[in-house]
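The next block holds one structure in the form of structure tokens; read it before the comments.
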Amino acid sequence: EYTPVSAAAKTATRVDAAPREDWMTRIRRSPLLADFSANDIQRFFMEMERLELAAGEDIVTMGARGDHFYVLFEGDAEVLTDPAGPYAGACFELVPGDHFGEEALVADTPRNATVRMKTDGAVGRLERAQFDAIFRRALVQVVELEKATRFFAASGQRFEVLDIRPDAQRFEDHRVGARSLPIQLLRKSLGELARNCTFLVDGQAGRRSQLAVFLLRQAGLKAYLLRN
């Protein structure tokens, strides 16, 4: 639900004494909405359902099915991760404008963390169908390798093909020249990947390939899903 890169950055830069931005201003500056049209942004804001929550109340629970995408409107919340998971039990703070819940929807996997209100507050949420209709087209854009290669060769831009399956090089359909970067390692490498490179994610891993594209874009990187 939450990447360590974005969480660490927010934890490091937050100053409690500074005035807070409203949630709408904060999320509009997020990479999440960078490729949205004005109409998509308006639809996103209009369709969210508001929920009032009390301090100590869980918004999502680790291991549960993901049915909604959330934005924190008011109050403070925290992300509690699995001690045995990739974030080793780290706890991340959320402030208004932060979002969560999208990974379970993109990859169709159980929640990988619990998100709990630290104070009374409110969230906005979108159901799975609403999220798919508004987000998936903008965030997981599909390209063909041949056309993309021609474009990058003509423009002189750097690109790299990623295969996010475990032990990808053992598969007969592993693309020649593709970099093997299992998705768990990808999560940990987001802050180290070249900012001037476009990443083309091999689609062989299905929903997890879509999740990889989403994670890359959420980290502010250029990424596309390769059509099989």
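Note: relative contact order over segment 77-138, using C-alpha pairs below 8 Å and six or more positions apart, is 34 percent. Taking the solvent-accessible surface of protein heavy atoms with a 1.4 Å probe, what is the per residue accessible area of segment 73-211 in Å²? Roughly 46 Å² per residue, with all protein chains present. How big is the gap, in Å, between the Cα center of segment 111-132 and the Cα center of segment 30-46? Centre-to-centre distance over Cα atoms comes out at 18 Å. With contacts taken as Cα pairs under 8 Å and at least 6 residues apart, segment 84-228 reaches a relative contact order of 26 percent.
Summing Lys and Arg as +1 and Asp and Glu as -1 over all other residues whose Cβ lies under 14 Å from the Cβ of Arg227 gives a net charge of -2.
Placing unit charges on the Cβ atoms of the charged side chains and taking the dipole of the chain about its Cα centre, the candidate lying farthest along the positive direction among Asn196, Ile59, Leu126 is Asn196.
Taking the DSSP beta bridges with both ends in the chain, the antiparallel portion is around 65 percent. In terms of its alpha-carbon gyration tensor, segment 66-142 comes out oblate; a/c meets the 1.5 threshold, while b/c is at least as large as a/b. Here is the tail figure for segment 105-158: Cα pairs spaced more than 16 Å apart come to 67 percent of all pairs.
In segment 128-204, the alpha-carbon atoms span a convex hull of 132 Å³ per residue.
Protection proxy ranking, highest mean first, for peptides 55-61, 148-154: 55-61, 148-154, where packing is the per-residue count of other beta-carbon atoms within 10 Å, averaged. Overall shape of segment 56-105 was characterised from the C-alpha gyration tensor. The equivalent ellipsoid obtained from it has semi-axes of 18, 14, 10 Å, in decreasing order. Averaged over residues, the count of other Cβ atoms within 10 Å places the peptides 44-52, 119-127 in the sequence 119-127, 44-52, highest first.
Centre-to-centre, using Cα atoms only, segment 138-163 and segment 168-197 are separated by 15 Å. In the chain, the portion of solvent-accessible area held by carbon and sulfur atoms comes to 50 percent [1.4 Å probe, whole percent, DNA, RNA and ligands not counted].
Taking only the alpha-carbon positions of the chain and ignoring solvent, what does the Debye formula give for the base-10 log of I(q)/I(0) at q = 0.07, 0.10, 0.11, 0.13 Å⁻¹? So the normalised log intensities are -0.23, -0.47, -0.57, -0.79. Cβ-Cβ distance of Thr149 and Asn39, R₀ of 25 Å, FRET efficiency by 1/(1 + (r/R0)^6): the value works out to about 0.20. The peptide list 29-37, 189-197, 134-142, 205-213, put in order of mean Cβ contacts within 10 Å with the highest first, becomes 205-213, 134-142, 29-37, 189-197. Ordering Leu139, Val176, Phe73 by Cα displacement along the dipole of segment 72-200 toward the positive end leaves Val176 in first place; charges were set at the Cβ atoms of Lys, Arg (+1) and Asp, Glu (-1).
The values are calculated or read from the model by the stated rules, or taken from the named source; none is laboratory data. In this text, all values refer to a predicted model and were calculated from it rather than measured experimentally. Don't worry about glycine lacking a Cβ; one is built from the backbone with ideal geometry, like all the others, and counts go over all protein chains shown. Ligands, DNA and RNA are stripped out before the accessible areas are found, and what is left, the full protein with its side chains, is counted by its heavy atoms. Shrake-Rupley method; radii C 1.70, N 1.55, O 1.52, S 1.80 Å.
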